[in-house]
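Structure first, commentary second.
Since every read-out is calculated from the coordinates, none of them should be taken as a lab result. It should be emphasised that the depicted structure is a prediction, and the values quoted were computed from it without experimental measurement. As a convention, Cβ positions derive from the backbone with ideal geometry for all residues, glycine included, and neighbour counts pool all protein chains shown.
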Amino acid sequence: MKSRVAVVGMLALALIALSGVESSEAEQKTICEATFDNMDISPGFWREGSSGTFTTNGEAGSRVVCNGPVNGKQPTGPGTYSGSGRYGTKDPDTCDNAEGTYEAYITVPTADGSQKVTNKGDWVAGAFKGGGAFGGEFTGENGDGTFEATPKKGDCVSSPMTQIRGVVRWTLRG
């Protein structure tokens, strides 16, 4: 009887220890934040619906910081970000209600060389969503998150928004 109690007690301790490992691993998600100075939107978000494209035109003027491993490697400093895609893929979009597809790329330095991650998926956005004047959420094959944008050219009121600066925050998967 005492040996059964001891075995049950040891199993209970093992389960508690394993559940602690699982929760600490779950808490160690890699969060990344990218900022970019310039994204061009063509023909631009406006009161009247439209469809078009957007691009950061490469990684110049961007910065990404990740708080944990990228492809299993610890970052040694900030990296770069680029993104592009389409909007109005289901119907014409306005500044209040937009959706589309995207491709985003980050390059992060590590002691073992630069690590690259591609994320492709869908997004939804609108005025005053995601924490900025314009923003929203996205889901992708390697991460999900939010974004916010500040107009640089245009404002959706007196002219189409054709250029933004932005912040993208997401949790890496994999």
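Whole-Hz Karplus values for the stretch 54-67 come out as 9, 7, 8, 6, x, 9, 4, x, 10, 7, 10, 10, 10, 8 Hz, taken residue by residue from phi with 6.51 cos²θ - 1.76 cosθ + 1.60 and θ = phi - 60°; glycine and proline positions read x. Distant-in-sequence amide contacts of Gly154, defined by a placed amide H-H separation under 5 Å and a gap of 5 or more residues or a different chain, comprise Thr162. Excluding same-chain neighbours fewer than eight residues apart, the lysines reachable from Lys120 by a Cα-Cα span under 29 Å are Lys29, Lys73, Lys90, Lys129, Lys152, Lys153.
Peptide packing for 79-87, 152-160, 51-59 was compared via the average number of neighbouring C-beta atoms within 10 Å per residue; ordered from the highest value, the list is 79-87, 51-59, 152-160. Each residue, Glu33 and Ala127, gets one label point 7 Å from its Cα in the Cβ direction; the gap between the two is 2.7 nm.
Taking every alpha-carbon pair within the stretch 30-172, the share separated by more than 25 Å comes to 23 percent. The charge dipole of the stretch 30-172, taken about its Cα centre with unit charges on the Cβ of Lys, Arg, Asp and Glu (plus for the first two, minus for the last two), comes to roughly 280 debye. For the stretch 30-172, the relative contact order is 26 percent, taking Cα pairs closer than 8 Å that sit 6 or more residues apart in sequence and dividing their mean separation by the residue count.
Computed extension gain for Gln74 through Lys152, at 0.36 nm per residue and net of the alpha carbon distance, reaches 24.7 nm. Once backbone amide H atoms are built at 1.01 Å from N, Asp96 has Ala127 as its partners under 5 Å, excluding neighbours fewer than 5 places away on the same chain.
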